[in-house]
Amino acid sequence: MEISDAVRSLDRDLRSLFGSRLRSLVAYRERGGGGRAPTATMALVQGLNADGLRASADRVASWHDSGLATPLLLGPQEFARSLDAFPYEFGAILADHVVVSGDNPFEGLRVDPADLRRACEIQARSHLLHLREGYLETRGRSDAVADLISTSAPAFMALVASVKHVNPAYAAPANIGEIERLAAGGTLTSEQARQLFPGYLAAVDALVHHVDQWAANA
């Protein structure tokens, strides 16, 4: 993963705001984010307080204009102490990141597989429930269904990646190739959406069934 000029500029901005209190800056690729996703970063700052947040807030617009997501700001030990609470999200950062400046904040850290299994189950069930609810709210309009599928595809592919990480033997449903294309920035017509949704819903349902077996066998 290359460090872009925009990320280098962010590093300079954060150094000007926090000085030596900026312990590390990390850039990472969000799972399933596709080519449309802005560059994600995380900064570990000693003594992070309201004044620091206020000063950072004044620069968020320029960071967004440079193609960056709002940086995730944490205390130096906060990431390590939160791994059990956010194994799904923070595990993705551990899996694909680059240290931009400062010390490597992830040295010796790993996600407990039990925590990740539990998080995957929560994410899978939540995705299925929201997909059903989202479909009802489309009132069956094909254009709205296309938007529902496109916007939810990156999260689903991120979930599939996490499941494969926990269980390398997991075989993703054969019918998710189109979802993977959408997660990478592809487009979807209304007619395609009408045909794709039943298979997408079945794939999510199958994933929930798979992670449900983890809980039963744990």
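Every read-out reported here was derived from the displayed coordinates using simple, explicitly stated rules and does not represent laboratory data. As the structure is a prediction and not an experimental result, all values here were calculated from the model. Every residue, glycine as well, gets a Cβ built from its backbone with ideal geometry; the counts of neighbours run over all protein chains shown.
The ALA80 and LEU129 beta-carbon pair, evaluated with R₀ = 30 Å, returns a calculated FRET efficiency of approximately 0.45.
Close amide H partners of ALA40, meaning residues 5 or more places away or on another chain with modelled amide H under 5 Å apart, are TYR28, GLU30, ALA69.
Our compactness index for segment 113-217, the C-alpha radius of gyration over the empirical 2.2 N^0.38 Å, is 1.06. The long axis of helix 142-166 is offset from the longest Cα principal axis of the chain by roughly 70 degrees. Against the longest alpha carbon principal axis of the chain, how many degrees, from 0 to 90 and to the nearest 10, is the axis of helix 190-217 turned? Result, in degrees: 80.
Relative contact order (percent) for the chain, with alpha-carbon contacts under 8 angstrom and 6 or more residues of separation?
Details: 273 pairs, mean separation 50.6, N = 218.
Relative contact order, the chain: 23 percent.
Label zone of GLU107 (point 7 Å out along Cα→Cβ, amide N under 20 Å): in segment 56-89 this covers 74-83. Within segment 5-102, DSSP assigns beta bridges of which about 75% are antiparallel (rounded to the nearest 5). If R0 equals 41 Å, the separation of the Cβ atoms of ASP5 and ASP51 corresponds to a calculated FRET efficiency of about 0.90. Here is the list for segment 54-131: trypsin sites (Lys or Arg not before Pro) lying in DSSP coil, each with at most 11 other C-beta atoms within 10 angstrom of its C-beta, are ARG110.
Could you compute the longest span of the chain free of GluC sites (Glu not before Pro) located in DSSP loops and having at most 10 other Cβ atoms within 10 Å, not counting the site residues? Of all site-free stretches, the longest is 108-218.
Computed over segment 113-217, relative contact order equals 42 percent, with contacts defined as Cα pairs under 8 Å that lie 6+ residues apart. For the chain, the longest principal axis of the C-alpha atoms and the axis of helix 5-18 are separated by about 50°. Helix content alone sets the calculated 222 nm mean residue ellipticity of the chain: runs of n ≥ 4 DSSP H residues at -39500 (n - 2.57) each, divided across all residues, give -19000 deg cm²/dmol.
Building the convex hull from the alpha-carbon atoms of the chain and averaging its projection over directions returns 13.3 nm².
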